[in-house]
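Quick notes on the structure that follows.
The values are calculated or read from the model by the stated rules, or taken from the named source; none is laboratory data. Being a predicted model, the structure only gives us computed values, none of them experimental. Because the Cβ atoms are built from the backbone with ideal geometry, glycine has one as well, and the counts that use them run over all protein chains shown.
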Amino acid sequence: MPPNAPAAAPKDNREKLLERAMSRHQYSGDALIEVLHTAQELYGFLSPHLLTAIAHKLRLPPSRVLGVASFYHFFSLKPKGEHTFTVCLGTACYVAGALGLVERLEKRCCKAGTTTPDGKVSVETARCIGSCGLAPAVIYDGAVLARVTPEGLDRELERIGAK
Amino acid sequence: MSVKTLEIDGKMVTGMAGETIFSVAWEHGIHIPRLCHIGGISDVGACRLCMVEVEGQRKLQAACLTQIEEGMVVRTDTPRLKAHRKLIVELLMAERNHICAVCVANGACELQELARSMGIDHVRLRYRFPVFPVDTSNERFGMDHNRCVLCTRCVRVCDEVEGAHTWDVFGRGAGSRIISDLGEPWGASESCTGCGKCVQVCPTGALFDKGKTVAEMRKDRGFLKYIVTAREKKQWIG
Amino acid sequence: MTVLLIAIGNAMRGDDGAAHRVIERLEPAPGVVVRGELQLLPELAPEVARADRVVFIDADVEADEPSIEPLEAGAGAGTPLVHTITPREIVLLAGKLYGFTGRAYLCRLPVADFDRDGLSPAAEAGVEKAVGLLREFIR
Amino acid sequence: MPERIVIQPVTRIEGHAKISIYLDDDGAVSSAQFHVTEFRGFEKLCEGRPFHEMPGLMSRVCGICPVSHILASSKACDNLLGVEVPRTAVQQRRMVNLAQLVQSHALSFFHLSAPDLLLGMDAPPEKRNVFGLVERDAEFARRGIRLRQFGQRIIELVGGKRIHPSWGAPGGVLRAIGEAERDEIRGWIPEALESAEIAIGRLKGVLDSMAIEIEHLGNFPTLFLGLVSPEGGLEYYDGVIRIVDGEGNAVAEGLDPQRYLTYLGEASEEWSFMKFPYYKPLGYPGGKYRVGPLARMNVARFAGTPRADREMHEFKQRSQGAVCESFHYHLARLIEILHAIERIEEITQDPDLLGSNIRARAGQNRNEGIGCSEAPRGTLFHHYQVDDNGLVRSANLLIATSQNNLAMNLAVEQAARYFVSGRSLQEGMLNRVEAAIRCFDPCLSCSTHALGQMPLVVELRDAGGALLDRARRG
């Protein structure tokens, strides 16, 4: 998912697109995950307002909708930062020192799973991104960076002017 | 419907096809420990306390979800199962902040009773001491996440019996917690009817009547059988 | 012939609760009365006096192995502000005030750590042994 | 070089305590401090809890006087509900409070203090204990045990449990009692009254031989603070605060316990975890005051029961103004036992004691509640602030022992100045310094909310702070 795409779409259009996705599934409750995917792609994160709207349209209890949205890592309940670092913690990356990358990001930016207060950077972790040959790997704004070092992260952070 | 014969703990028993090991065992006086199961609502196999050994199967099976089969040989109380259950109760104790001595449900708590019956006099694991809030925004009831074991009885009774589905589970793993509606305070929930069924089925002091002091909370679970029988069979049992 | 077993300690303070574990694990037996106490208070003396034999079970950081030793009545060494008294003192009170003529014993349990949940391995092993010793003793 | 002596831990008091005695360049005592070096933070762990759980939670502050904490806590919660507690519950609460006073005072007198008092401060240490007492008079010692049992039995009969009863609750109590319980309590009374009077007689008989101790163990003017009934009599459950000075003149009358913050302040010192409350209008440390048995004898004008009135009248004759000798805490304690037994008897005659209306029900109507009652060791305040959902935002406990803190320090210093000399600690000196504290019967687990038992250490230090001698008890 290109992280900057949602902001580009005009607001009213997004509502329409979400409505179309729900309609495609005949507003079936079973399509909740698909609908949440579409919403996340359109808006970048799932606000309470959005979740309420989806719950009403799909005739689902709000607690179920939030329960599902909070269960999957893919969904975000808060706005993502301008840039996102997702550190792979799969076995190969872990062995190659991914934990040191998380530590560096947490030290310089914010705890994994959160976004810096200025909205600049989000730090995420993932199980295995399937790029074991590139270990340790980090997904930076959708692109996979190979054999990342803490110093490499420092350079990236300086380049985008974090902190 | 066909009758099936099987062996549980060396005893020959019979049950109807479709019945679970758990319910057949209980009908025959073999009481398998459980926290998430409660008669009258669906089973989810969340607590894993009712795990049993089934001959010919390497893995343990959740008795509340496993249907009986002809000729099955089941053991419910082996040393392996005992050790397993003990560890589960200890994990539950260590996961949240269970402090029996100052709990509203002291003396009437299913978790406490399980621990007692298993001879758990201490927990071998390091306590996590998570910080959880208490939600007393509802006018009549309170929810103390510190005492929740995530059995989801409240979620199911609210969905299946009351029909409101106010409760659900937020997040995953150790970060899970019970939420009402979109995670707002219980008192702000629009779907909650205030029926209190969740409070009565909660096995611990997590859901309680507001205004109860230490060791004062007692729960009445008889209503569930009454309502479910009334609904399904149009019989109002005394 | 009655035996009174008195466990002393705070079950919520790690190994301090070892004595309570011991009496919980002992099977009930005719003529055997068990009591768990947080601390000893003088009003226990009349009850001690009614028994033929009394065993105080207590955690002791200086014990290496659990043992059951005869306990002499006697005054403690100056406890000016304490709100509790010692086993020896209870025995003395029971004897002098209530005519206790039975025998008293102290069962010391090896312990290590009071700042934990549950028992340390050392205390756990001690509890097991002590249970065995006491079973013999009661018989 | 000035020097310092330290007694630590003040033998197995329920808390961790240390006495430091500082000597000046000439080897004379320059000052002494009574430190409490344990911290428990009970107030902190109440935060975020529903206030209805507070009486049960608070009973855990102390295994010696849980009832006092249940009561003050229940009263603070009554306040949050804004209800009037039914008379049956009030009578039960009064009775259990008095029962706790009897058992606590009986332990303090018969087991902790009587050996010093009745055998003499200079009796050999191996004799100067409860067993020396037993040798001297077994019947008297048995009476002591029975008196404690009387108090404990009432707590058990009414509260359902000897220690940490789950019985007090916001708005009232949880269990009604019946005729059987009441009759059993009544049955104890004649013997209990007799025992109390015998003890009083025995103590009065030896006071003349204790003139030096009476004079030097905490004898100084301070304020005295305690609850009194609206008529000015002894009162333990409810009432108004009265404060008198060393001359016995009223400094303040009819103060509302609800407004305690307007007249009581709490100072902290870096060398002790125990706080130092003081009477605000006189500042810190000028506003030092004493609470507990001696203070109650001084603030109340009368007892309100015949036997105790007789003793109290005589007690008040011991001084021109207020009785300022801390040593007389002991006698005051015995008079209180007598009074409490008489009051318990009165309560058992009240038919309302057996009612079934034991709890007033209401939702939360206030965000702030203050409960005040007299605990065995003095006035106890529980103060809670709760949010609109009834969760505790902050809790403050003002404990009897900490209110006596300034006076205890002064008493230790006075005793040290008079009895300690030289560069090493000797048994008789130590014993008197400890005895100064024992007058107050402090309960350090309450006052610091510390866990477990702690012994006493006394350290003697020179002016440069170098340790000269150290004694440890317990």
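Listed conditions (1) under 18 Å from the mean Cα position of the chain (by Cα); (2) more than 29 Å from D:F276 (Cβ to Cβ) are all met by D:A407, apart from (2). In the range A:8-27, the condition of being within 16 Å of the chain's Cα centre (by Cα), buried (at least 16 other Cβ atoms within 10 Å of the Cβ) and either assigned to a loop (DSSP other than H, G, I, E, B) or hydrophobic (A, V, I, L, M, F, W, C) (or both) is met by no residue. Among the residues of the range D:120-127, are any basic (K, R) and either closer than 16 Å to C:Y98 by Cα or surrounded by 19 or more Cβ atoms within 10 Å (Cβ to Cβ) (or both)? Scanning the range D:120-127 turns up no residue that is basic (K, R) and either closer than 16 Å to C:Y98 by Cα or surrounded by 19 or more Cβ atoms within 10 Å (Cβ to Cβ) (or both). Is the range A:141-150 home to any residue that is touching a residue at least 12 places away in the same chain (Cβ under 8 Å) and either assigned by TED's automatic domain parsing to the domain that holds A:T38 or touching a His at 6+ places or on another chain (Cβ under 7 Å) (or both)? Looking for residues that are touching a residue at least 12 places away in the same chain (Cβ under 8 Å) and either assigned by TED's automatic domain parsing to the domain that holds A:T38 or touching a His at 6+ places or on another chain (Cβ under 7 Å) (or both), one finds at least one in the range A:141-150, hence yes. Taken over the range B:211-238, residues that are within 14 Å of chain D (Cβ to nearest Cβ) and touching a residue at least 24 places away in the same chain (Cβ under 8 Å) amount to 7. The test for being assigned to a strand (DSSP E or B), in contact (Cβ under 8 Å) with a residue 60 or more places away in the chain and surrounded by fewer than 17 Cβ atoms within 10 Å (Cβ to Cβ) holds for D:E266.
Scanning the range C:2-52 for residues that are on the phi > 0 side of the Ramachandran plot and more than 14 Å from chain D (Cβ to nearest Cβ) turns up just one, C:G31.
Sub-8 Å Cβ pairs linking a first residue in the range D:55-78 that is more than 12 Å from chain B (Cβ to nearest Cβ) to a second residue that is outside any helix (DSSP H, G or I) and hydroxyl-bearing (S, T, Y), at least 6 apart or interchain, are D:S68/D:S373; D:L71/D:Y237; D:L71/D:S373; D:A72/D:S373; D:K75/D:S373; D:A76/D:Y384, ordered by first then second residue. Please find, among B:A83, B:A63, the residue that is aliphatic (A, V, I, L, M) and in contact with a Phe, Trp or Tyr (Cβ under 7 Å, 6 or more places away or on another chain). Selected residue: B:A63, the only one of B:A83, B:A63 that is aliphatic (A, V, I, L, M) and in contact with a Phe, Trp or Tyr (Cβ under 7 Å, 6 or more places away or on another chain). When you scan the range D:347-369, do you find a residue that is without any contact (Cβ under 8 Å) to a residue 24 or more places away in the chain, over 30 Å from D:A471 (Cβ atoms), surrounded by fewer than 18 Cβ atoms within 10 Å (Cβ to Cβ) and of a type in the set (D, E), even just one? Checked the range D:347-369: no residue is without any contact (Cβ under 8 Å) to a residue 24 or more places away in the chain, over 30 Å from D:A471 (Cβ atoms), surrounded by fewer than 18 Cβ atoms within 10 Å (Cβ to Cβ) and of a type in the set (D, E). Residues that are farther than 27 Å from D:V83 by Cβ and small (G, A, S) were ranked within the range D:141-195; the one that is modelled with the lowest pLDDT is D:A141. Against the test of being facing chain B (nearest Cβ under 9 Å), assigned to a helix (DSSP H, G or I) and modelled with pLDDT of 95 or more, the options A:V65, A:V35 yield a single qualifying residue, A:V65. Filtered by the rule that a residue be in contact with a Phe, Trp or Tyr (Cβ under 6 Å, 6 or more places away or on another chain) and touching a residue at least 12 places away in the same chain (Cβ under 8 Å), the range D:298-314 gives D:N298, D:V299. Put simply, of B:D121, B:D135 the only residue that is among the acidic types (D, E) and within 14 Å of chain C (Cβ to nearest Cβ) is B:D121.
Within the range D:42-62, the set of residues being in a helix (DSSP H, G or I) and charged (D, E, K, R) comprises D:E43, D:K44, D:E53, D:R60. In the range A:69-82, of all residues being more than 10 Å from the chain's Cα centre (by Cα) and surrounded by fewer than 20 Cβ atoms within 10 Å (Cβ to Cβ), the one that is farthest from the other protein chains (Cβ to nearest Cβ) corresponds to A:E82.
When the range B:201-210 is limited to residues that are at the interface with chain D (Cβ under 10 Å from one of its Cβ atoms) and in contact with a Gly (Cβ under 8 Å, 6 or more places away or on another chain), the one that is nearest to B:E139 (Cα to Cα) turns out to be B:K210.
Residues in the range B:1-18 that are surrounded by fewer than 17 Cβ atoms within 10 Å (Cβ to Cβ) and either touching a strand residue (DSSP E or B) at 6+ places or on another chain (Cβ under 9 Å) or of a type in the set (A, V, I, L, M, F, W, C) (or both): B:M1, B:S2, B:V3, B:T5, B:E7, B:D9, B:G10, B:M12, B:T14, B:M16, B:A17, B:G18. Of the residues in the range B:205-216, not one is among the small types (G, A, S), outside the structural domain of B:S42 (by TED's automatic domain parsing), out of contact with any Ser or Thr (no Cβ under 6 Å at 6 or more places or on another chain) and closer than 29 Å to A:H56 by Cα.
Residue-by-condition table, conditions (1) in contact (Cβ under 8 Å) with a residue 12 or more places away in the chain; (2) within 9 Å of chain C (Cβ to nearest Cβ); (3) under 22 Å from D:N97 (Cβ atoms):
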position	(1), (2), (3)
D:D116	yes, yes, no
D:L119	yes, no, no
D:D122	yes, no, no
D:E126	no, yes, no
D:R148	yes, yes, yes
D:G151	yes, no, yes
D:I154	yes, no, yes
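Considering the range D:436-471, the residues that are within 11 Å of chain C (Cβ to nearest Cβ), over 30 Å from D:V323 (Cβ atoms) and not in a strand (DSSP E or B) include one that is modelled with the highest pLDDT, namely D:P455. Of everything in the range C:7-40 that is in a loop (DSSP other than H, G, I, E, B) and among the hydrophobic types (A, V, I, L, M, F, W, C), the residue that is farthest from C:A63 (Cα to Cα) is C:A29.
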